[in-house]
1. Can you tell me which residue is farthest from the chain's Cα centre (by Cα) among those in segment 15-47 that are of a type in the set (A, V, I, L, M) and over 13 Å from Leu93 (Cβ atoms)?
2. With respect to the numbered conditions (1) over 24 Å from Ile152 (Cβ atoms); (2) out of contact with any Pro (no Cβ under 9 Å at 6 or more places or on another chain); (3) touching a residue at least 24 places away in the same chain (Cβ under 8 Å), which one is the sole condition not fulfilled by Arg246?
3. Among the candidates Ser181, Ser159, Ser189, which residue alone is under 15 Å from the mean Cα position of the chain (by Cα) and of a type in the set (Gly, Ala, Ser)?
4. So which residues in segment 301-322 are among the charged types (D, E, K, R) and either modelled with pLDDT under 95 or outside any helix (DSSP H, G or I) (or both)?
5. Give the residues of segment 1-33 that are among the small types (Gly, Ala, Ser), surrounded by fewer than 17 Cβ atoms within 10 Å (Cβ to Cβ) and either touching a helix residue (DSSP H, G or I) at 6+ places or on another chain (Cβ under 6 Å) or farther than 22 Å from Leu173 by Cβ (or both), sorted by residue number.
6. Working carefully through the options Val245, Val217, Val211, find the one that is among the hydrophobic types (A, V, I, L, M, F, W, C) and surrounded by 20 or more Cβ atoms within 10 Å (Cβ to Cβ).
7. Condition first: modelled with pLDDT under 80, surrounded by 12 or more Cβ atoms within 10 Å (Cβ to Cβ) and among the aliphatic types (A, V, I, L, M). Now tell me which residues in segment 95-149 satisfy that.
8. Within segment 104-141, count every residue that is in a loop (DSSP other than H, G, I, E, B), touching a residue at least 40 places away in the same chain (Cβ under 8 Å) and more than 16 Å from Gly78 (Cα to Cα).
Amino acid sequence: MRTPGILVMAGGGKDNLSRVCGYAKTAEEIGLRSFLVTETPATDSLAVAQHIASITRRIEVGTGIANIYTRHPSLLAGHAMTIDALAPGRLLLGLGTSHQPVNAAYGISMDKPLAALRNCVATLRKAFAGEPLINRPGFTPPRAEGRISVYIAGISPGSIRLTGEIADGSLPLNYGPRGLSEVVDGIKSGAQRAGRDSGQVAIALIMHCCVCTDRAVAMKSVKSTLAMYGSMPFYNRLFARQGFVREAEGIMNAASSGNMAGAAAAVSDHMAEEIAAMGSAQDCRKKLEEFERAGASWVLLYPVPIEGSYDRGVRAVLEAFS
């Protein structure tokens, strides 16, 4: 088993962010390779990653993800380079387009998302290399202090191929080990098109993880989480592509009427067991190794709330992988 990282939800509010800081310090103490944070309407993932970098010394920090539609690429580059100046070589910049319902709420159109991703990464590469993004007499732009890794969290076939073309890595979520071949093959195709070695593109598989020996509790927790993701069109289509057509349809039908309990009930035991790690610490380690055999370069542990307690879910994962 390769050393995993962890992805933690970073909601807003002083108490929540204080807990996230505690999780990060523990993750570093037990030797996890990376600590990434999510983004919500109330939280800036880059701002949280910057603070985590300031209170830790070695662990890789990063975003899972930063929404490219809510930031101009030059602003995104500047913030990333600010973090890198404070913690050289420790930033993993996870990028994505988010989802249509989220961006629509901001009044943002998601026209040509692949072109937007390609343009964003190209701008970042220029900025990190010290190339000027604007012509300003007397201004010499800085270079990145260390290497800033750029990962893309796309799950559509086109975005996976684009990842193989232009990114340092992929952040696939909601795949089972068998379904992960879509990512492995897509990255290989994109890398070949760009004349790259696909081995240079890491696959950091994000694995839902519920460390709880009560099977009924763990299953209920995982199903609730998968139903939430399955209510979003991108992930719903991903579930269907992996063979969970009936489940995907049931999730969307229930979620569209606001019945999230019904959406969770539409997730089969087989689907939950295929996509998520659950059970004892040993069970979860075995699932991690299954993903590695399927092609994951390394795994990001993604804790699931246990009986509604996210803190309990995170602490159980940290203890299990210490």
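1. Ile30
2. Checking Arg246 against (1) over 24 Å from Ile152 (Cβ atoms); (2) out of contact with any Pro (no Cβ under 9 Å at 6 or more places or on another chain); (3) touching a residue at least 24 places away in the same chain (Cβ under 8 Å), the one that fails is (3).
3. After ruling out the rest, the residue left standing is Ser159.
4. Once the filter is applied, which keeps residues that are among the charged types (D, E, K, R) and either modelled with pLDDT under 95 or outside any helix (DSSP H, G or I) (or both), segment 301-322 yields only Glu307.
5. Gly13, Ser18, Gly22, Gly31 - these are the residues of segment 1-33 that are among the small types (Gly, Ala, Ser), surrounded by fewer than 17 Cβ atoms within 10 Å (Cβ to Cβ) and either touching a helix residue (DSSP H, G or I) at 6+ places or on another chain (Cβ under 6 Å) or farther than 22 Å from Leu173 by Cβ (or both).
6. Val211
7. Val102, Ile108 - these are the residues of segment 95-149 that are modelled with pLDDT under 80, surrounded by 12 or more Cβ atoms within 10 Å (Cβ to Cβ) and among the aliphatic types (A, V, I, L, M).
8. So the count comes out to 1.
The values are calculated or read from the model by the stated rules, or taken from the named source; none is laboratory data. Remember, predicted model here, so these are calculated numbers, not experimental data. Cβ sites come from the backbone with ideal geometry, for glycine too, and all protein chains shown count toward neighbours.
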